[in-house]
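Chemist: Dumping the structure here so I can ask a few things about it.
The values are calculated or read from the model by the stated rules, or taken from the named source; none is laboratory data. On a predicted model such as this, the values are computed, not experimentally measured, just so you know. Glycine gets a Cβ as well: all are built from the backbone with ideal geometry, and neighbour counts include every protein chain shown. Areas reflect the complete protein model, heavy atoms only, side chains present, ligands, DNA and RNA absent. Shrake-Rupley method; radii C 1.70, N 1.55, O 1.52, S 1.80 Å.
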Amino acid sequence: MATVTLNRAEKTYDNGFKALHGIDLHIGDGEFTVLVGPSGCGKSTLLRMIAGLESITNGEIKIDDRVVNNVAPADRDIAMVFQNYALYPHMTNYANMAYGLKNRGYSKVEIDTRVRDAAKILQLDDYLERKPQQLSGGQRQRVAMGRAIVREPKVFLFDEPLSNLDAKLRVDMRLEIKNLQQRLGITSVYVTHDQVEAMTLADRLIVMNAGVAEQIGTPIEIYEKPASLFVASFIGSPSMNFLNGTVSDDKSHVVIGDGSKINLDHQIESGRELVVGVRPEHFTLTVDGSGALKARVRMIESLGAETLVYLEFGEKNESVTLRMQGTHQFAKGQELALATTTDLVHLFDRDSGKRL
Amino acid sequence: MKRVQFGHSPVPYFFVAPQILIIAIFFLWPAAQAVYQSFLLEDAFGMSSQFVWFRNFEDVLSSSSWLKSAIFTAVFSFLVAFISIAISLFLAVRADEVIRGAKSYKTLLMWGYAVAPPVAGLLGNMLFNPLMGDLYKLFNSFGFEFNHIQNANDAAFVVTLIAVWKQVSVNFIFFLSGLQGIPKSVTEAATLDCKSAERRFWTITFPLLAPTTFFLMVINLTYAFFETFGIIDVSTKGSPGGATATLVYKVYVDGFLGADMGGSSAQSVLLMIMVSVLTVFQFRFIERKVHY
């Protein structure tokens, strides 16, 4: 049971590269926080700083009320699950799980109870005497989780733990992790670049970009009200459509592309240039052709449950994506009229990329 | 079992022929000769010889000088292997931690590898020369009555020192690459699980280096047995009184300098048997424990 607090946490590497530009963050007791972002955004660095594997250049990191900036990793009472499992290959799975407890001076009986309990939870009972090489990827990752669980740490840290697993296993393990975390109620920080993992696991999501936390919020908040163009494009698949436009004289709509209009309920000065964001699932087809946007079909992807339609519009052939439930057939080049609802439209400043 | 049958083409045999020829000429034939000669008693000029069954072996095994040499070889080999492995492991671990100027350290530590054993022996000779050797003067200035020309232990010390120095760089290279083969995340996981760096080394790093250590042990024992010949021949020549003559050196001295071909051959046959037994022992009993 613990909280993690970061105050203006900064990281500058020896070569002068500034990986983190002052992160402020408070992770509540038992909260599952997910750090998500593209590679190189600093999410792993942040996690490793909490773990103590990277030093902190400026600011402070607190676990509960204790500043841990200079505390050795083993003394921070955290446990970490690594992407490539990082199991000790020369030890049995039992010894792998027991190692951290043994070094902390737990009694043999206590260690045995904890390891066997964890093994039961993770369905590893039959594999304890084997070595990691004799297990499949999913089982190895479970041993790595077991190694973290037996410690009963204050904080769990996950560094892309599912990236090395195949797609099916990844979904199963995702559910398992979520289940386990809810059951144990241990404060967790989870790093991933996979937005599905991020959306499904997180109590709170932190979208990072270039060493800055772009937005912090619940997954739904971030989906519904992305704070910037970056967040809007990163969360949601396929990515949100961005259309350059200008606010009309009467402030009632935005004119985009070749004169199509998207209605507006914000109070924005006329003539202002901005970016309109519409998620592919928030476009609808209008039958009578009175829609705001007329676009030509370029390509279709049928996924069974849904259909992705890639279209282009205007003289500059700007692209726009439409996501429809069920299966649909369109001819290439066919013109479709797209409409959307005012409250599902996101507006961003064209220069700063910030949400208006 | 279903066996895959390949068409028999003579071409592969042509490819391996040079290697087989080399092994046959430089190993199998001399070895066979040694076995054959070990049963013969030859006169000093090689004019006549007589088949004497195991008399050469009896002579060798009952001679005190051979026993002395065997004991010296065992102790010497163990010390050379153990000390050079220990030193190079220590150096490799430290060099692996260095961040600034790591390349220069590593290059300098590997340099010794380029020195041939006789050259190492020559260097040792100069350092321990009673007239101008720096180490000779240094030891004596500390009050040791160091004299490797007369004192057997001192002579053994000199030979061991040179042999270890020569071998450290080879071991260093292997240990360094072994250390770099340990995944970073495993070391990191260990820092979360164990606070004491020393304990981490003995419970994680060292066991993970065990296959490397085993390999080096085999290599180093072989080195101490055979390759130190050059060092011994240039530095002490087995003196004083055969105290620093390894079995291999004694084979050379008795056979080529003493012209006792039969006895020398018997010694080398014994040596072959000993090395075979040692190798089998290493692979049967130790290798099993080191591979994870």
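Chemist: Got the relative contact order for chain A handy, in percent, Cα pairs under 8 Å and 6 or more residues apart? All intermediate terms of the calculation are to be shown ahead of the outcome.
Modeler: Values: 732 pairs, mean separation 54.5, N = 356.
Relative contact order comes out at 15 percent.
Chemist: Let me ask something additional. I'd like the distance between the alpha-carbon centres of the range A:125-180 and the range A:277-330, rounded to an integer number of Å.
Modeler: Each part's Cα centre sits 40 Å from the other's.
Chemist: Anything losing 40 Å² or more of accessible area from the isolated chain to the full protein assembly: pick those residues out of the range A:88-102, probe 1.4 Å, ligands and DNA/RNA ignored.
Modeler: Output list: A:Tyr88, A:Pro89, A:His90, A:Tyr99.
Chemist: Of the residues A:Thr57, A:Thr187, A:Thr113, which exhibits the maximal mean-square fluctuation in a Gaussian network model of chain A defined by a 10 Å Cα contact cut-off?
Modeler: Fluctuation is largest for A:Thr113.
Chemist: Shape verdict for chain B, please, from the Cα gyration tensor: rounded (a/c under 1.5), prolate (a/b greater than b/c) or oblate.
Modeler: Numbers: a/c = 2.17, a/b = 1.20, b/c = 1.81.
Oblate is the answer for chain B, as a/c is 1.5 or above yet b/c matches or exceeds a/b.
Chemist: Could you give the size of the charge dipole of the protein assembly as shown about its Cα centre, using +1 on the Cβ of each K and R and -1 on the Cβ of each D and E, expressed in debye and rounded to the nearest 20? Don't jump to the answer; show the numbers that get you there.
Modeler: Details: 60 positive and 63 negative charges, 208 e Å.
Its charge dipole is roughly 1000 debye.
Chemist: For an R0 of 30 angstrom, estimate the FRET efficiency from the Cβ-Cβ distance between B:Tyr105 and B:Thr222 and round to the nearest 0.05.
Modeler: Working: r = 28 Å, r/R0 = 0.93.
Working from the Cβ atoms, E equals 0.60.
Chemist: Ok, one more. How would the range B:230-292 be classified by its alpha-carbon gyration tensor: rounded, prolate or oblate, with rounded meaning a/c under 1.5 and the a/b versus b/c comparison settling the rest? Don't jump to the answer; show the numbers that get you there.
Modeler: Working: a/c = 4.18, a/b = 1.91, b/c = 2.19.
Oblate, because a/c is 1.5 or more while a/b does not exceed b/c.
Chemist: Using Cα positions and a limit of under 23 Å, work out the lysines in reach of A:Lys332, with same-chain residues fewer than 8 apart set aside.
Modeler: A:Lys294, A:Lys316
Chemist: Sticking with this structure for a sec: Can you give me the accessible area per residue for chain A, using a 1.4 Å probe, in Å²? If you can, show how the numbers build up before the last one.
Modeler: On the way: 15700 Å² over 356 residues.
Ligands and nucleic acids excluded, the result is 44 Å² per residue.
Chemist: Taking every DSSP beta bridge that has both residues in the protein assembly as shown, what percent is antiparallel when rounded to the nearest 5? Can you show the working numbers first?
Modeler: On the way: 61 of 79 bridges.
Looking only at bridges with both residues in the protein assembly as shown, the antiparallel portion is about 75 percent.
Chemist: Report ³J(HN,Hα) in whole Hz for each residue of the range B:211-222, in order, from the Karplus equation J = 6.51 cos²θ - 1.76 cosθ + 1.60 where θ = phi - 60°; Gly and Pro get x.
Modeler: Values per residue, Gly and Pro as x: x, 5, 4, 4, 4, 5, 4, 4, 4, 6, 5, 4 Hz.
Chemist: Let a ≥ b ≥ c be the square roots of the eigenvalues of the Cα gyration tensor of the range A:130-183; is it rounded (a/c under 1.5), or, if not, prolate (a/b larger than b/c) or oblate? Before the final figure, lay out each step's value.
Modeler: Working: a/c = 1.96, a/b = 1.20, b/c = 1.64.
It comes out oblate by the Cα gyration axes.
Chemist: Step through the residues of the range B:52-69 one at a time and calculate ³J(HN,Hα) from phi using the Karplus curve (6.51 cos²θ - 1.76 cosθ + 1.60, θ = phi - 60°), rounding each to whole Hz and writing x for Gly and Pro.
Modeler: 10, 6, 9, 5, 4, 5, 4, 4, 4, 5, 9, 7, 6, 5, 5, 4, 4, 5
Chemist: At B:Ile273 and A:Tyr13, where each label point lies 7 Å from the Cα along Cα→Cβ, what is the point-to-point distance in nanometres?
Modeler: Here the answer is 6.2 nm between the modelled labels.
Chemist: Express the relative contact order of chain B as a whole percentage, based on alpha carbon pairs under 8 Å and six or more residues apart in sequence.
Modeler: On the way: 314 pairs, mean separation 82.1, N = 292.
In percent, rounded to a whole number, it is 28.
Chemist: Could you check the spin-label model distance between B:Val280 and B:Asp43? Points 7 Å from the Cα along Cα→Cβ, value in nm.
Modeler: With each label placed 7 Å out from Cα toward Cβ, I get 4.0 nm.
Chemist: Here's something else I'd like to know. Step through the residues of the range A:185-196 one at a time and calculate ³J(HN,Hα) from phi using the Karplus curve (6.51 cos²θ - 1.76 cosθ + 1.60, θ = phi - 60°), rounding each to whole Hz and writing x for Gly and Pro.
Modeler: Using θ = phi - 60°, the values come out as x, 8, 3, 9, 10, 10, 9, 8, 10, 8, 6, 5 Hz.
Chemist: Determine the per residue accessible area of chain B with all protein chains present and a 1.4 angstrom probe, expressed in square angstrom. Display every interim value, and only then the final one.
Modeler: Details: 17470 Å² over 292 residues.
Per-residue value: 60 Å².
Chemist: Between the alpha-carbon centers of the range A:12-71 and the range B:208-233, tell me the distance in whole angstrom.
Modeler: After rounding, the separation between the Cα centres reads 47 Å.
Chemist: What is the sum of charges around A:Leu162, taking Lys and Arg as +1, Asp and Glu as -1, for the other residues whose C-beta is under 9 Å from the C-beta of A:Leu162?
Modeler: On the way: positive: A:Arg170, A:Arg174; negative: A:Glu160, A:Asp194, A:Glu197.
With Lys, Arg at +1 and Asp, Glu at -1, the neighbours total -1.
Chemist: Just to be sure I follow the definition: excluding the sites themselves, where is the longest run in chain A that has none of the chymotrypsin sites (Phe, Trp or Tyr not before Pro) in a DSSP loop with at most 16 other Cβ atoms within 10 Å?
Modeler: Details: sites that count: A:Tyr13, A:Phe17.
The longest such stretch corresponds to A:18-356.
Chemist: Right, another one. If each of B:Ile173 and B:Glu145 carries a label point 7 Å out from its Cα toward its Cβ, how far apart are those two points in nm?
Modeler: 4.4 nm
Chemist: Could you work out, residue by residue across A:71-83, how many beta carbons of other chains sit within 10 Å of that residue's beta carbon, and then give the average as an integer? If you can, show how the numbers build up before the last one.
Modeler: Details: counts 0, 5, 8, 8, 2, 1, 0, 1, 3, 6, 1, 7, 1.
That works out to 3 on average.
Chemist: Using a Gaussian network for chain B with springs between C-alpha atoms less than 10 Å apart, which of these wobbles most: B:Lys68, B:Lys250, B:Lys166?
Modeler: In the Gaussian network model the winner is B:Lys68.
Chemist: What's the buried accessible area, both sides, between A and B using a 1.4 Å probe, rounded to 100 Å²? Spell out each step's value before the answer.
Modeler: Details: alone 16590 and 18430 Å², together 33180 Å².
Between A and B, the summed buried area is about 1800 Å².
Chemist: Taking chain A as a Gaussian network, where each spring joins two C-alpha atoms under 10 Å apart, which residue of A:Leu20, A:Leu205, A:Leu285 fluctuates the most?
Modeler: Most flexible of the set in this elastic network: A:Leu285.
Chemist: Among the listed pairs B:Lys106/B:Lys166; B:Lys68/B:Lys250; B:Lys68/B:Lys237; A:Lys108/A:Lys154; A:Lys62/A:Lys154; A:Lys225/A:Lys354, which are separated by more than 19 Å between their Cα atoms?
Modeler: Working: B:Lys106/B:Lys166 16 Å; B:Lys68/B:Lys250 11 Å; B:Lys68/B:Lys237 16 Å; A:Lys108/A:Lys154 22 Å; A:Lys62/A:Lys154 12 Å; A:Lys225/A:Lys354 11 Å.
Those over the limit are A:Lys108/A:Lys154.
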